[in-house]
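K.L.:
Here you go, one structure.
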Amino acid sequence: MVRAIVEAAGKYQCNHHLIDHRETTFAFSLMDFYERPTINEKIGVLHQFKTAMVFSQLTEDTKFMENVFRNRGYNLLHFTDIDEAKAWLKQD
């Protein structure tokens, strides 16, 4: 999925991304979450991207993942309300 986002971002010159994870179940360990920014960077995720991820609920895992990405310089926030996520993406 991440590779497809990177390809579409390049094709359409779009650095703002809305990712709907409301029906996603993550099976990552804490170490997987911690390593994910490095993996995403190798796939081509840029620090210039502004990414809103929407979940059905925010959990300790989603909060941890958000903190890991933000601590590594990514502009990423997690939301439970898709309209709030869209509004945040439009800010700048």
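The values are calculated or read from the model by the stated rules, or taken from the named source; none is laboratory data. Predicted model, so just to flag it, every value in this text is computed and none were measured. Glycine also receives a Cβ, built like all others from the backbone with ideal geometry; neighbour counts cover every protein chain displayed.
K.L.:
Please work out if THR25 is surrounded by fewer than 16 Cβ atoms within 10 Å (Cβ to Cβ) and part of a helix (DSSP H, G or I).
P.N.:
No: the conditions fail for THR25.
K.L.:
THR62 fails exactly one of the following numbered conditions: (1) surrounded by 15 or more Cβ atoms within 10 Å (Cβ to Cβ); (2) at positive phi; (3) not basic (Lys, Arg). What is the number of that condition?
P.N.:
Evaluating THR62 over (1) surrounded by 15 or more Cβ atoms within 10 Å (Cβ to Cβ); (2) at positive phi; (3) not basic (Lys, Arg) leaves (2) as the failure.
K.L.:
Report, by residue number, each residue of the range 29-48 that is assigned to a loop (DSSP other than H, G, I, E, B), among the hydrophobic types (A, V, I, L, M, F, W, C) and touching a helix residue (DSSP H, G or I) at 6+ places or on another chain (Cβ under 7 Å).
P.N.:
Selection gives VAL45 alone.
K.L.:
Which condition number in (1) assigned to a strand (DSSP E or B); (2) among the polar types (S, T, N, Q); (3) modelled with pLDDT under 95 is the one that THR51 fails?
P.N.:
In the conditions (1) assigned to a strand (DSSP E or B); (2) among the polar types (S, T, N, Q); (3) modelled with pLDDT under 95, THR51 misses (3) alone.
K.L.:
Something else now. Take the residues in the range 67-86 that are outside any loop (DSSP other than H, G, I, E, B) and β-branched (Val, Ile, Thr); name whichever of them is surrounded by the most Cβ atoms within 10 Å (Cβ to Cβ).
P.N.:
Filtering the range 67-86 for residues that are outside any loop (DSSP other than H, G, I, E, B) and β-branched (Val, Ile, Thr), the one surrounded by the most Cβ atoms within 10 Å (Cβ to Cβ) comes out as VAL68.
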